[in-house]
1. Which condition from (1) under 25 Å from residue 240 (Cα atoms); (2) at pLDDT 85 or above; (3) touching a helix residue (DSSP H, G or I) at 6+ places or on another chain (Cβ under 8 Å) is the one that residue 364 breaks?
2. Being touching a residue at least 60 places away in the same chain (Cβ under 8 Å) and either under 12 Å from residue 359 (Cβ atoms) or surrounded by fewer than 24 Cβ atoms within 10 Å (Cβ to Cβ) (or both) is the filter here; which residues of segment 247-259 pass it?
3. Filter segment 114-154 for residues that are in contact with a helix residue (DSSP H, G or I) (Cβ under 6 Å, 6 or more places away or on another chain) and free of Cβ contacts under 8 Å to residues at least 40 places away in the same chain; which is farthest from residue 104 (Cα to Cα)?
């Protein structure tokens, strides 16, 4: 058995292992949408290697030769699709589709060209190189690039360069007088060995990146309220504690706005929980829009649903006046915009309490002062914003009304 055949056999096993690994990830982690595409990619990689191994035994090698080319082409294309799916970015489908179509035309045109032709070798490898470059562009478009992503980018770039360098290596070493003789050449051994290294490197990096992103997404989901899309109480408090520590350390101002939907129990009782859920969703969207936030954490500002009909927005670098303006904007927009289709006559409102962080104050104290301001807004007519007195120390405040009465504010 030739050296190239041994490497091909190893590649077949490696591709099978990665295809199985990505399939297992896809089945057990539904959020890892890129894994299923990568499993198919490595499946086509196995087909490619299998066809390479049977090529020497073919009397007429043209059909198997085209199959080898197309199997590897689809393996590369599917890996780029999986890459884009994992990074949650839109794949340039038209570009990839044009490359695949041109590659199919390419192999039909060059299959009967002289094997020693440098032009044939270049045209054979060019589609592979271009698809690898497309993969590199996908990584470059990723919203956040960490060390692992940069390593993967380097692998894709190296993969493209090795495809472009193969024609020169083929010209120097020769690819065999016939397609069947290819597997016994030194060029085949070197080419397949380099391919094996890149195959393993790419597979390992993609597995690690998918696992990293899946774990990150699971953490985000565990800290996110599914109804509103905002941070839940645990997620909000964890993020807020970090921001509070930074604010005290750096001496920057910070303010918090807490909100409570007015008469929310009555909404649920009279209109049903489906309408109540719609009101919560509408308020959450209003809060995001008013804060000019496209997500729950942007520029250090965090938004959270603390439970039931209670919400909070923590803004570092912002004083009580800025927080009051935000609260007034949310209050006005929420009161004038009606998108509750199930209850067209319903005009929900909300009350707000605002507090600015004081020296040495804990998150518990800050929330308590904002809570007292919110209670004042509830007590004076609802659908309004009240600001906590910055001259009052948290120690001078009585227990919050929620704790004294043992019930939610309505």
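The values are calculated or read from the model by the stated rules, or taken from the named source; none is laboratory data. These numbers come from a predicted model, not from an experiment. Neighbour counts run over all protein chains shown; Cβ positions are idealised from the backbone, glycine included.
1. (3)
2. Taking segment 247-259 first, the residues touching a residue at least 60 places away in the same chain (Cβ under 8 Å) are 247-248, 252-259.
Across segment 247-259, the qualifying residues are 247, 248, 252, 253, 254.
3. The residue in question is 153.
Results for (1) surrounded by 15 or more Cβ atoms within 10 Å (Cβ to Cβ); (2) in the same structural domain as residue 183 (by TED's automatic domain parsing); (3) closer than 23 Å to residue 137 by Cβ; (4) at pLDDT 95 or above, shown as yes or no for each residue.
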{"position": "52", "(1), (2), (3), (4)": "yes, yes, no, no"}
{"position": "57", "(1), (2), (3), (4)": "no, yes, no, no"}
{"position": "61", "(1), (2), (3), (4)": "yes, yes, no, no"}
{"position": "74", "(1), (2), (3), (4)": "yes, yes, yes, yes"}
{"position": "85", "(1), (2), (3), (4)": "yes, yes, yes, no"}
{"position": "90", "(1), (2), (3), (4)": "no, yes, yes, no"}
{"position": "95", "(1), (2), (3), (4)": "no, yes, yes, no"}
{"position": "109", "(1), (2), (3), (4)": "no, yes, no, no"}
{"position": "115", "(1), (2), (3), (4)": "yes, yes, no, no"}
